[in-house]
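Undergrad: Quick one: the structure is below, and I'll ask about it shortly.
The values are calculated or read from the model by the stated rules, or taken from the named source; none is laboratory data. Remember, it's a predicted structure, so these values are computed and weren't measured experimentally. A quick note on method: Cβ atoms are made from the backbone with ideal geometry, for glycine too, and the neighbour counts reach across all protein chains shown.
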Amino acid sequence: MTPHPSTTRLSNPLSILLIASTGCALTVLDTNLVAIVLPTISQEFRASFADIEWVISSYVLCFASLLLPAGAIADRFGRRRIYLIGIISFAVTSLLCGLAPSAPALYMARALQGISAAFLLAPALAIIGHSFHDLQARNRAWAIWGSIMGLTMVIAPILGGFIAYTLGWRWAFYINVPICIFLAGTVFLFIQESCDVSARRLDPAGIVFFAASMFGLTWGLINGQATGWASWGTLSGFAGGGLSIAMLIIVELAQTHPMLDLSLFIRLQFLGAVLAMFSYAATAQVMASMLPLFLQNGMGQSALQTGFEMLPFALAMLFFPHIGRLLERHLSSATILAIGLMLVAGGNALAAWGAREAVWYTIMSGMIVLGSGGGLLNGETQKAIMSVVPRERSGIASGISTTSRFTGILLGFAILSGILATEVRRWVATFGCGACQHPSIFADTVVAGDLPRTFIVIGDPARAITLEQAHRAFSHGFTFVLLGAAVFSFISSITVFVLMKVGRRD
């Protein structure tokens with residue numbers, strides 16, 4: 001590790017921690033704000049559900065694909081320098097998102113914002129890791145970092161609801177600009193430059209094939225619900241994604257220092273811990289983006305009401321990592337991970353029951369249980385992954401951990417959204433749409449959250465009936481979303497426990 005020779009900065013450890021954590025929190029804030037305003041975006045742009053999916057997926061796709069190379073670039077060319085570039089580019093791309101004149105323009109800008117987010121988060125994490133060397137100080141720093149991330153999850157939904165209610169959805173992006181300007185100034189004043197002369201080389205082939213595999217699978221999942229699961233576009237996406245995964249494995253196995261060290265997955269404990277991270281992200285963390293859609297489109301809540309109703313989920317996510325630390329004194333990591341995934345399964349199942357019966361307190365109870373399981377996993381998954389690899393390989397293990405988290409969010413959102421759209425259309429085809437004359441158009445507007453488009457051609461007396469049908473259709477579809485997440489997390493709980501217990505004996 002070598003600091004930049006010409007750079008002298010104030011070096012208060014707490015200031016460094018807060019500045020780096022703010023950059024990480026900014027990515028969490030943006031994701032949760034956008035989740036709250038998605039129905040408003042849909043209504044303004046008359047967007048299809050595929051467009052709405054791409055608003056989330058294009059961001060997470062680029063984010064997940066570039067986290068590993070962004071970390072390597074930051075280590076090689078300077079963490080402070082890359083962090084500043086990430087902050088400035090995040091501000092610019094946030095402005096582009098706010099100025100977007102159409103849905104395609106928005107999700108293209110979101111893709112650029114996802115690239116910027118990778119070059120914001122990766123160097124911020126590296127700065128924290130580089131700045132705290134003593135084990136006790138480093139553990140305390142990561143605990144403070146985790147608390148900041150948790151508080152951001154609590155604040156973000158309420159802020160998103162307030163922005164949508166008072167200022168309009170574009171301010172969900174504009175708000176990033178002044179934050180980034182202030183953050184860049186503090187980085188310039190307080191953060192010293194550092195780099196790693198022995199940083200691993202970049203892996204262009206690995207980057208390309210990983211990004212191509214994620215894009216192909218996402219393309220297939222989004223097109224499947226829009227054009228049919230047997231359509232040419234859907235099948236070509238799945239085929240391209242599968243071929244890219246095969247090429248990624250071949251390329252990484254052929255290299256001495258690969259971006260993705262597949263030899264780590266031979267260890268069953270590591271495989272189980274990574275599966276726990278992926279499952280947590282795909283069935284619990286993804287609900288931070290999906291539950292606001294249900295509360296608005298299925299339960300008929302406003303954006304402001306939705307922000308407050310997300311509080312039980314967010315508070316449980318904030319509180320339960322502390323419970324996990326208490327459980328560590330008595331339970332193994334495998335047991336805590338299995339319990340967390342079981343709670344996620346139970347919470348999703350309970351919320352599904354509430355969605356089916358349209359019972360508000362059952363839904364809220366499910367969200368609390370779901371958030372509790374997510375909180376346990378959020379505190380334990382990263383630790384479990386890092387504890388089963390040699391210290392000298394902790395960098396690549398950390399990169400795999402973070403990438404598996406965002407890959408889980410990406411694929412979880414795409415798969416669950418496909419289930420939602422398919423089931424909503426099936427319900428409308430079976431039960432009709434009240435007074436509307438075009439059931440297929442009605443189903444499209446329901447799943448996209450754009451009911452005003454349907455009401456244009458429906459008279460006032462029939463709107464109440466049609467609105468009730470729309471809420472029922474969306475709640476029906478979301479019931480299957482929650483059940484699908486519950487089944488996957490239940491199976492993952494058992495699999496993770498077995499893998500980690502068997503792996504421990506090897």
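Undergrad: Mind telling me which of the residues Val502, Val487 ends up being out of contact with any helix residue (DSSP H, G or I) (no Cβ under 7 Å at 6 or more places or on another chain), surrounded by fewer than 22 Cβ atoms within 10 Å (Cβ to Cβ), part of a helix (DSSP H, G or I) and at pLDDT 75 or above?
TA: When all the criteria are applied, what remains is Val487.
Undergrad: Output the number of residues of the stretch 252-289 satisfying the condition of being more than 13 Å from Pro157 (Cβ to Cβ), of a type outside the set (Phe, Trp, Tyr) and in a helix (DSSP H, G or I).
TA: Going through the stretch 252-289 one residue at a time, the tally reaches 21.
Undergrad: Looking at the stretch 305-315, is at least one residue free of Cβ contacts under 8 Å to residues at least 40 places away in the same chain, of a type outside the set (Gly, Ala, Ser) and part of a helix (DSSP H, G or I)?
TA: Within the stretch 305-315 (the criterion being free of Cβ contacts under 8 Å to residues at least 40 places away in the same chain, of a type outside the set (Gly, Ala, Ser) and part of a helix (DSSP H, G or I)), the answer is no, since none of the residues qualifies.
Undergrad: Quick one: in the stretch 186-239, which of the residues that are at pLDDT below 80, over 21 Å from Ala118 (Cβ atoms) and in contact with a Lys or Arg (Cβ under 9 Å, 6 or more places away or on another chain) is surrounded by the most Cβ atoms within 10 Å (Cβ to Cβ)?
TA: Here the residue is Gln225.
Undergrad: Only one of these conditions is not met by Leu68: (1) in contact with a Lys or Arg (Cβ under 9 Å, 6 or more places away or on another chain); (2) touching a residue at least 60 places away in the same chain (Cβ under 8 Å). Which number is it?
TA: Of (1) in contact with a Lys or Arg (Cβ under 9 Å, 6 or more places away or on another chain); (2) touching a residue at least 60 places away in the same chain (Cβ under 8 Å), only one is false for Leu68: (1).
Undergrad: So, in the stretch 248-263, of the ones that are hydrophobic (A, V, I, L, M, F, W, C) and farther than 20 Å from Leu221 by Cβ, which residue ends up surrounded by the most Cβ atoms within 10 Å (Cβ to Cβ)?
TA: The residue in question is Met259.
Undergrad: Then there is this: Let me spell it out: the conditions are (1) part of a loop (DSSP other than H, G, I, E, B); (2) more than 23 Å from the chain's Cα centre (by Cα), and Ala246 meets all of them except one. Which number is the exception?
TA: (1)
Undergrad: For the stretch 289-299, does any single residue satisfy the condition of being without any contact (Cβ under 8 Å) to a residue 60 or more places away in the chain, in the same structural domain as Met277 (by TED's automatic domain parsing) and either on the phi > 0 side of the Ramachandran plot or surrounded by fewer than 21 Cβ atoms within 10 Å (Cβ to Cβ) (or both)?
TA: Checking the stretch 289-299: not a single residue is without any contact (Cβ under 8 Å) to a residue 60 or more places away in the chain, in the same structural domain as Met277 (by TED's automatic domain parsing) and either on the phi > 0 side of the Ramachandran plot or surrounded by fewer than 21 Cβ atoms within 10 Å (Cβ to Cβ) (or both).
Undergrad: Given the criterion surrounded by fewer than 24 Cβ atoms within 10 Å (Cβ to Cβ) and part of a helix (DSSP H, G or I), identify the matching residue among Gly346, Gly374, Gly366, Gly340.
TA: The conditions single out Gly346.
Undergrad: Could you grab me the full set of residues in the stretch 55-101 that are touching a strand residue (DSSP E or B) at 6+ places or on another chain (Cβ under 9 Å) and either within 13 Å of Thr27 (Cβ to Cβ) or small (Gly, Ala, Ser) (or both)?
TA: Scanning the stretch 55-101 gives Ala74, Gly78.
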